[in-house]
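Computed from the coordinates by the stated procedures, all read-outs in this text should not be read as laboratory data. Only a predicted model underlies this, so the values are computations on that prediction, with no experimental measurement involved. Every residue, glycine as well, gets a Cβ built from its backbone with ideal geometry; the counts of neighbours run over all protein chains shown.
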Amino acid sequence: MIAALAASLGVNANDPTFWIPLVFMGLLFLLIIGGVVLDGFDIGVGMLLPVAPVDERGRMMALLSPWRDANEFWPLLGIGLFAAAFPLAWGVIFGKLYGPLALMAMGMVLRSVSFEFRIRARAELKSRWVFGFWLGSLATAFGQGLILGRIATGYQTEAGYGWFSVVMGLCVVAAYVLLGAAWLVMRVDGDLQRRAARWGRHAIRWTAVGMVAASVMLGLANAGIFYKWSNPGGFATVAGVWAIMLLCFSGAEMLLARVPREESPYQWLPFVLCIVLYWLMLAGLGYSLFPYLILDDMTLWDGTASIESMRLVLSAAVVGVPVVLVFNLWAYRSVFGKERRG
């Protein structure tokens, strides 16, 4: 497949101008996965604060403290890597997504400021910064949903497509709420765990709606994507992926329903099932768009920087990525463990 793609572009598969952009897209995909999962439970917990009991809100924010700085790393590095590797595409895409990207950026800043200021604020002012953290989390998630909606519709601007992006924004909010609730089920016990299970069960339905809607819109908005998924080989892949996703949704629903009733050694499983779901969704999106950065308009190789610049950035990545991995493995070493109280 790769050799055929290189031949269609008139280059050799071993040519750096061909494989270096592929390497960067692989790195970018891993950063997006890391951001959705590892920053995602942070965003989800933040959006659950208003529905949590007042005396539990400080505890929920304290649970996030070990990973707050590491969580902010993923989206920032992803945006920086994309802008450095694909500057021509970045200019075009930023022009199409400046509203959702600005909303996401403001949400990220508000989350960081609110989290740090709450720690240092007087007791009577802490509730304001909790509200700021919730608002920043909501803006970040909704902005990402708008981005997904615009990509799924091929950046079309008619009114109906705009409303679809709004719906996708709400569904992405639900997806992050589900991830945050599943993480709390895994991390805590008692009343907060039971509440988190109920929150997750409410969110799981809207998460499923969003995934189905995004998949259908991708196929309807672009004939090439529809053909890619509807040919015999593609259809078999689609059927397998949706069967796995259905099992993940059903398994997560049943496990969350059992949380209030009995103690289980598998309370980490809903969180893992959510990770599998989001990985499959993003992998399907990547496969649908490949090899385009902008559907039917700009491929990976059309939007890249000069090969010399990409070599320089890749050299920095070869040095920096191992350091980043060690840092994050250390930072996230207890992300799956139970809360230690007292």
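Structure notes:
- Rounded to the nearest 0.05, the FRET efficiency derived from the C-beta distance between residue 327 and residue 159 at R0 = 45 Å is 0.50.
- Summed over qualifying helices (DSSP H, 4 residues or more, each -39500 (n - 2.57)) and divided by its residue number, the chain shows a 222 nm mean residue ellipticity of -27000 deg cm²/dmol.
- Between the labelled values (i) 64, 42, 41; (ii) 76, 72, 29; (iii) 100, 49, 28, the entry that holds Cα extents along the principal axes in Å as derived from this structure is (i).
- Each part reduced to its alpha carbon centroid, region 89-119 and region 231-305 end up 25 Å apart.
- Estimated distance in nm for a label pair at residue 194 and residue 235, the labels positioned 7 Å out from Cα along Cα-to-Cβ: 4.9 nm
- Candidate lysines - alpha carbon under 17 Å from residue 96, same-chain residues fewer than 8 apart omitted: none
- Most to least packed among 146-152, 107-113, 241-247, 217-223 [average Cβ atoms within 10 Å]: 146-152, 107-113, 217-223, 241-247
- Computed extension gain for residue 280 through residue 242, at 0.36 nm per residue and net of the alpha carbon distance, reaches 12.8 nm.
- Here each label is just a point 7 Å from Cα along the line to Cβ, and for residue 30 and residue 202 those points are 3.8 nm apart.
- Once backbone amide H atoms are built at 1.01 Å from N, residue 298 has 293 as its partners under 5 Å, excluding neighbours fewer than 5 places away on the same chain.
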